[in-house]
Amino acid sequence: MVERGSGNDGPVILRWLTAFGRFWWDFLIGDTPELFVGAVAIIGLIAVICLHPGLRTAAAILAPVLVAGLLTASVRRAANRGPS
Amino acid sequence: MLTGTADPSGAVVLVTAVFLASTVEMVEALTIVLAVGVTRGWRSALEGVAAALLTLGALVVAFGPALVHWVPLSALRLVVGGLLLVFGLQWLRKAILRTAGLKAKHDEDAIYAEHVAELSDSPRRSGRDATAFTVAFKGVFLEGLEVVVIVITLGATSHRLGLASLAAAAAVVLVVIVGLIVHRQLSGVPENAMKMGVGLMLVSFGTFWSAEGVHASWPGSDLAIPVLVAFYGLASWLLVLALRHATGELPSGLAAGGEASHG
């Protein structure tokens, strides 16, 4: 929503940038930072493996296995915290 | 590779993912719009809806073609794949926890009642109702923003932006028509099952494209996508079974809905 700037809250552009940053923070990280960090780590690992051209197919097969492991770890973490 | 002319299975998964994601989000938006229309009147509510849909459409038109034309494909696939992977994992995790009874299901009836109570309390002025406009706009815009991200990322990366946009528009039209016919919030829609399906597809596309973005080589090229969907589906099913086994069946309060969840 477009809000009129009031001197106390800083410039409108700053508030729009803050809201934009908050949207992406909630969108990507929210209450599951382990998924963001884990996904970045998996992509990084696959990229390193792909530096060796002979391992590019193996890297593709490894990727979903790692992602499934990440999902399992995150779900177990939530389960250990109990129902919400 | 997904270029818009390759294997049709990629297109089917793409359309299904966008359509289901849009349907889920629009059902949630419909609940808010109905609450606004019933309590505050329809004119300002529908103006809010129209303004939000126009803004969302403008975002797709502004960013979709720009991504396709100006960003190199491998970089696009790496970034978009990473985004979809994280986003899809969040949806899938939530759906698994809800199916296993560890998280309250999304309760449209409770959310509708909550909005009606809030809107009935706030004062009304004659003429255009700013509260109705704002709440309807925010409801549609915020729910639709996730759809826009999915349409742009899936559509641009597969060079099927038009197809993805059409799938999203079809879902919007379907939900609006059903909403008009039944004239109530769609609490009977199996949202969690649909979210599970969307999560599976987003994670599959995310895995496929992020790996392609770093030059991994998929056996079977595009045919790997349905295989990934099946693999993650099996993994999710096993996770639900394991959680149910560990917790000893569904806690009844949570299975019935418990406290309304907005996520």
Please determine, by comparing only the residues of the range A:20-59 that are in contact (Cβ under 8 Å) with a residue 12 or more places away in the chain and of a type in the set (Gly, Ala, Ser), which one is nearest to residue B:218 (Cα to Cα). A:59
Please verify whether the range B:79-93 includes one or more residues that are out of contact with any Ser or Thr (no Cβ under 6 Å at 6 or more places or on another chain), away from chain A (no Cβ under 14 Å) and crowded, with 23+ Cβ neighbours inside 10 Å. no
Residues satisfying the stated conditions in the range B:215-229, i.e. under 17 Å from residue B:74 (Cβ atoms), assigned to a loop (DSSP other than H, G, I, E, B) and small (Gly, Ala, Ser): B:216, B:217
Given (1) surrounded by fewer than 24 Cβ atoms within 10 Å (Cβ to Cβ); (2) under 18 Å from the mean Cα position of the chain (by Cα); (3) under 18 Å from residue B:172 (Cβ atoms); (4) modelled with pLDDT under 85, identify the lone condition not met by residue B:11. (3)
Just to be sure I understand, how many residues within the range B:94-118 are over 19 Å from the mean Cα position of the chain (by Cα) and within 13 Å of chain A (Cβ to nearest Cβ)? 3
For the range A:27-47, name all the residues that are over 24 Å from residue B:97 (Cβ atoms) and crowded, with 17+ Cβ neighbours inside 10 Å. A:43, A:46, A:47
Any chance the range B:130-150 includes a residue that's crowded, with 17+ Cβ neighbours inside 10 Å, modelled with pLDDT under 85 and away from every other protein chain (no Cβ under 14 Å)? no
In this structure, does residue B:56 turn out to be within 11 Å of another protein chain (Cβ to nearest Cβ) and either assigned to a helix (DSSP H, G or I) or not basic (Lys, Arg) (or both)? no
Within the range A:48-64, is even one residue at the interface with chain B (Cβ under 9 Å from one of its Cβ atoms), assigned to a loop (DSSP other than H, G, I, E, B) and either crowded, with 17+ Cβ neighbours inside 10 Å or more than 12 Å from the chain's Cα centre (by Cα) (or both)? yes
Verdict on residue B:207 being within 30 Å of residue A:67 (Cα to Cα) and either assigned to a loop (DSSP other than H, G, I, E, B) or in contact with a Gly (Cβ under 8 Å, 6 or more places away or on another chain) (or both): yes
Selection from the range B:200-226 of residues at the interface with chain A (Cβ under 9 Å from one of its Cβ atoms) and more than 19 Å from the chain's Cα centre (by Cα) yields B:208, B:210, B:211, B:212, B:213, B:214, B:215, B:216, B:217, B:218, B:219, B:224
If you check residue B:66 against the conditions, is it of a type in the set (Gly, Ala, Ser) and not in a helix (DSSP H, G or I)? no
Are any of the residues in the range B:50-64 modelled with pLDDT under 80 and within 21 Å of the chain's Cα centre (by Cα)? yes
Residue B:44 vs. criteria part of a helix (DSSP H, G or I) and surrounded by fewer than 17 Cβ atoms within 10 Å (Cβ to Cβ): no
What residue, of B:180, B:238, is outside any loop (DSSP other than H, G, I, E, B), facing chain A (nearest Cβ under 10 Å), surrounded by fewer than 24 Cβ atoms within 10 Å (Cβ to Cβ) and without any contact (Cβ under 8 Å) to a residue 24 or more places away in the chain? B:238
Scan the range A:56-81 for residues that are under 11 Å from residue A:34 (Cβ atoms) and out of contact with any Phe, Trp or Tyr (no Cβ under 9 Å at 6 or more places or on another chain) and report the count. 7
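The values are calculated or read from the model by the stated rules, or taken from the named source; none is laboratory data. These numbers were taken from a predicted model, which means no experiment stands behind them. With ideal geometry, Cβ positions are generated from the backbone for all residues, glycine too; neighbour counts draw on all protein chains shown.
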